[in-house]
Every structure is written in C-alpha cells, then in structure tokens.
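Undergrad: What follows is a structure written as structure tokens; I'll ask about it next.
The values are calculated or read from the model by the stated rules, or taken from the named source; none is laboratory data. Quick caveat, the model's predicted, so the values are computed rather than measured. Here the Cβ positions follow ideal geometry from the backbone for every residue, glycine too, while neighbour counts run over all protein chains shown. These area figures cover heavy atoms from the full protein model, side chains too; ligands, DNA and RNA do not enter into them. Shrake-Rupley method; radii C 1.70, N 1.55, O 1.52, S 1.80 Å.
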Amino acid sequence: VQLQASGGGLVRAGGSLKLSCVVSGSIIGLYHMGWYRQAPGKERELVDRVTSDDSTTDYTDSVKGRFTASRDNAKNTVYLQMNSLKPEDTAVYYCRATHIITRTNYWGKGTLVTVSS
C-alpha cells in the first residue's frame, strides 16, 4: 500500500489549501484515513480523520471549524480542506491509512504547508 500526499505550498494567513492523498496498491474503502501534521520541534499530531464509513472527527481543537477531511473512494483519495489558515498551521502534513481489521498503518511522505503572517 502506498500513499502520496500533495497540495502543500506557501499561503498567506487567512488563505486556503486543499491537500490530497492518493492510495495505491489497495482499496481505500478498507482503511480509516487520517491526516497528521508535524511542526518543527513538535511531535506529530492527528489533525482529522475520515473513517471507512465516511464519518469524520476533528481531533485537534485548533482546527475545528476550519479544516474538513473527506474521501472519494471511487478515486482512492482522501482530502483535507484547510480554510482560514494561520501561521501556527505551518507543518509537514502526512496522511495515514489504518486497515479496518488488521489495524496495520501505512504512512505517506508528507507535504509541506507554510502559512505566512
């Protein structure tokens, strides 16, 4: 199973970005999908998650109301729509797939999001 995240970049505070993560080598419907981020000098944290039944949960209070995770199983892709970006959202963003039965985790390479003030 391979994951490829994309869509990061440089954006001004208040702007928006949409990240994508394409899953290959398996069927995305077999996985819960999560978005994580790691800022310089900080631990990786779970930002948002889309379960296999397409329900989402915001795990980081700081992104509630601003970030929305979604999935398109037909495209084997999960998304993270990020609005009202803040400089503190600057981080490398990763997607993770967790098999719904075996709980095996697969990580993609991250995509860097930089928010300027």
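Undergrad: Considering the stretch 16-36 alone, what residues qualify as being open to solvent by less than 20 Å² (accessible area, probe 1.4 Å) and either of a type outside the set (Phe, Trp, Tyr) or farther than 16 Å from MET82 by Cα (or both)?
TA: LEU19, CYS21, VAL23, ILE28, TYR31, MET33, GLY34
Undergrad: Would a scan of the stretch 48-55 turn up a residue that is under 19 Å from SER6 (Cα atoms) and not acidic (Asp, Glu)?
TA: First pass over the stretch 48-55, keeping only residues under 19 Å from SER6 (Cα atoms): 48-50.
Restricting the remaining residues to those that are not acidic (Asp, Glu) gives 49-50.
Yes; the residues of the stretch 48-55 include at least one that is under 19 Å from SER6 (Cα atoms) and not acidic (Asp, Glu).
Undergrad: Being open to solvent by less than 50 Å² (accessible area, probe 1.4 Å) and more than 11 Å from the chain's Cα centre (by Cα) narrows it down to one of ALA5, ALA39, ALA74, so name that one.
TA: None of the others qualify; the one that does is ALA39.
Undergrad: Let me ask something else about it. Taking only pairs six or more apart or across chains, which ones have beta-carbon atoms under 9 Å, a first residue in the stretch 44-65 that is farther than 22 Å from ILE28 by Cβ, and a second residue that is exposed (fewer than 12 other Cβ atoms within 10 Å of the Cβ) and at pLDDT 90 or above?
TA: Qualifying pairs under 9 Å: SER62/GLU88.
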